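As structure tokens, the structure follows; a few thoughts come after it.
The values are calculated or read from the model by the stated rules, or taken from the named source; none is laboratory data. Source: prediction; values computed, not measured. Don't worry about glycine lacking a Cβ; one is built from the backbone with ideal geometry, like all the others, and counts go over all protein chains shown. The accessibility values were calculated without ligands, DNA or RNA, using every heavy atom of the protein model including side chains. Shrake-Rupley method; radii C 1.70, N 1.55, O 1.52, S 1.80 Å.
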Amino acid sequence: HCPPRQQPPPPRAPPARPGAGPGLEAARGAAGLPVGRRALYCSYNQFFKIDSAILRAWGALLASDTAGASLVMVKFMFHEHAAPRLARLLQGLGAADGQLVMADKASTAEHIARSSLMDLHLDTRLQSGHTTTVDAIWSGIPVLVFPARSMVSRAAAGIVIGAGMPWTVARTAGDYVELAQRIVARVPMLKEKVAAMRTTSPLFDIKAWVKDFERALRLAFESRCFDGGGCVPNSHKSHVIVARTVAAGK
């Protein structure tokens with residue numbers, strides 16, 4: 001998986017977290033989100049990242065609680081055409097009409113604040129989330145990931161493991177559905193745990209990230225300059241040396 005500090009953390013304060021109960025429901029209503037939900041899932045990934053395995057898993061989650069579960073996605077370009085088709089596909093898997101909710105795009109601060117009202121972010125598999133994963137964790141919600149073998153599919157797994165959430169990594173499609181249901185059943189306690197990680201996890205340690213980045217630049221430079229004869233091309237493996245050295249904390 002990816003190093004815990006593979007990208008700079010969000011340079012902004014985390015949102016205030018409304019507690020469970022009437023306060024949470026009022027905040028959801030004010031944000032235009034469904035209220036009275038036993039499970040409010042979200043996914044901030046673009047539609048092209050949804051493969052058949054993820055589609056079936058989402059369908060199973062929604063079909064298991066047609067009256068109490070919703071999936072919130074964000075409107076991106078072309079989604080006005082794709083959203084109705086996605087809704088029909090989910091309904092074909094047992095979901096009810098209206099369980100898929102399309103939220104308007106918002107500013108970063110508004111997006112983070114709205115995200116804090118969700119229960120669980122559902123990641124995609126073949127192409128996982130990157131910045132969306134970091135933003136979801138920063139908002140204080142768990143992120144369920146289902147990595148495949150490629151680097152682009154493992155990025156979100158590296159982020160959640162680096163954040164201290166290995167318990168959100170699914171190994172199979174069945175595991176993905178089961179983990180999602182177990183997480184939302186304990187969501188108040190788990191959201192407290194995720195919120196605490198924002199101040200203890202290396203994922204959001206800006207000072208350490210800057211030091212790692214500076215060290216990586218220095219090592220990259222030094223790996224191409226030697227013998228006092230100026231800089232000359234060295235090896236295409238320089239990036240591997242730097243990555244290993246930074247990961248080892250040297």
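Considering the zone a paramagnetic label at Ala67 would reach in this model (a point 7 Å from Cα along the Cα-to-Cβ line), which residues of the range 90-104 have amide N under 15 Å from it? The answer is 96-97.
Subtracting the Cα-Cα distance of Glu178 and Val152 from 0.36 nm times their residue separation leaves 7.0 nm of extension gain. For the range 114-163, trypsin sites (Lys or Arg not before Pro) meeting the loop criterion (DSSP other than H, G, I, E, B) and having at most 16 other Cβ atoms within 10 Å: Arg149. Net charge in the neighbourhood of Leu55 (other residues with Cβ under 14 Å of its Cβ; Lys, Arg +1, Asp, Glu -1) is +3.
Sequence-ordered 3J(HN,Hα) estimates for the range 190-207 from the Karplus curve with 6.51, -1.76 and 1.60 and θ = phi - 60° stand at 6, 5, 4, 5, 5, 4, 5, 5, 5, 9, 10, 7, x, 4, 10, 8, 5, 4 Hz, glycine and proline given as x.
Distance from the Cα centroid of the range 140-185 to that of the range 110-136 is 12 Å (rounded to whole angstrom). With all projection directions averaged, the alpha carbon convex hull of the range 128-205 covers 4.7 nm². Each of His111, His81, His130, His121 has its accessible area taken with a 1.4 Å probe; listed largest first, they run His81, His130, His111, His121. When the trypsin sites (Lys or Arg not before Pro) in the range 23-113 are filtered for DSSP coil states and for at most 14 other beta-carbon atoms within 10 Å of their beta-carbon, the remaining sites are Arg38, Lys75, Lys105. Entry comment: accessible area of the range 49-94 is 47 Å² per residue, from protein heavy atoms only and a probe of 1.4 Å.
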